[in-house]
Amino acid sequence: MYDIEFDPDALEDLGSLRKFEQKQVLDGIEIQLRHDPNVETRNRKRLRPNEIAEWELRVGQLRVFYNVHPADLIVRIAAVGIKVGNLLFIRGVKRQL
């Protein structure tokens, strides 16, 4: 079982969401990332090299970007955003992956 850690920026990202969205994200992280977070599934995928994170978890329109440290059994949440069409917004700012 992996431990979940949040970067300070990811906590700010989470705090910028509405309460029910925060709950969706936290529930999704708990269900999807505690066991085998580095296995691609319908809602998890490895990303092309970028500045945010190596992995993406899809929770509806919400996106959780994270890195896996298998030697330490840690999942580190790097960012949380909202996907609208092909656009990604993190704390209301459009970002590129």
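Go through region 1-18 and give me each residue that's under 22 Å from His35 (Cα atoms) and not hydroxyl-bearing (Ser, Thr, Tyr). Walk me through it before giving the result.
Initial filter on region 1-18 (under 22 Å from His35 (Cα atoms)): 1-7, 10-11, 14.
The answer is Met1, Asp3, Ile4, Glu5, Phe6, Asp7, Ala10, Leu11, Leu14.
Taking the options Ile52, Ile77, Ile29, name whichever one is touching a helix residue (DSSP H, G or I) at 6+ places or on another chain (Cβ under 9 Å) and closer than 20 Å to Leu97 by Cβ. Steps first, please.
Details: Ile52 fails: touching a helix residue (DSSP H, G or I) at 6+ places or on another chain (Cβ under 9 Å); Ile29 fails: touching a helix residue (DSSP H, G or I) at 6+ places or on another chain (Cβ under 9 Å).
Exactly one of Ile52, Ile77, Ile29 is touching a helix residue (DSSP H, G or I) at 6+ places or on another chain (Cβ under 9 Å) and closer than 20 Å to Leu97 by Cβ, namely Ile77.
In region 84-97, how many are free of Cβ contacts under 8 Å to residues at least 60 places away in the same chain and in contact with a Gly (Cβ under 8 Å, 6 or more places away or on another chain)? Let's see the steps before the verdict.
Residues of region 84-97 free of Cβ contacts under 8 Å to residues at least 60 places away in the same chain: 84-89, 93-97.
Subset that is in contact with a Gly (Cβ under 8 Å, 6 or more places away or on another chain): 88-89, 95.
Of the residues in region 84-97, 3 are free of Cβ contacts under 8 Å to residues at least 60 places away in the same chain and in contact with a Gly (Cβ under 8 Å, 6 or more places away or on another chain).
I'd like the full set of residues that are touching a strand residue (DSSP E or B) at 6+ places or on another chain (Cβ under 6 Å), among the polar types (S, T, N, Q) and more than 15 Å from Lys45 (Cβ to Cβ), limited to region 57-97.
Gln61, the sole residue that qualifies.
In this structure, does Val75 turn out to be touching a Pro at 6+ places or on another chain (Cβ under 9 Å) and either under 19 Å from Pro8 (Cβ atoms) or hydrophobic (A, V, I, L, M, F, W, C) (or both)?
Details: touching a Pro at 6+ places or on another chain (Cβ under 9 Å): yes; either under 19 Å from Pro8 (Cβ atoms) or hydrophobic (A, V, I, L, M, F, W, C) (or both): yes.
For Val75, the condition - touching a Pro at 6+ places or on another chain (Cβ under 9 Å) and either under 19 Å from Pro8 (Cβ atoms) or hydrophobic (A, V, I, L, M, F, W, C) (or both) - is met.
When region 84-97 is examined, which residues are found to be surrounded by 10 or more Cβ atoms within 10 Å (Cβ to Cβ) and farther than 17 Å from Glu21 by Cα? So that I can check it myself, show each step before the final result.
Our first condition is that a residue be surrounded by 10 or more Cβ atoms within 10 Å (Cβ to Cβ); within region 84-97, this holds for 84, 87-91, 94-95, 97.
Passing the criteria: Leu87, Lys94, Arg95, Leu97.
None of the figures in this text is laboratory data; all of them are computed from the coordinates on show. Because the structure is a prediction, the values reported are computed rather than measured. For neighbour counting, all protein chains shown are included, and Cβ atoms are generated from backbone atoms with ideal geometry for every residue, glycine included.
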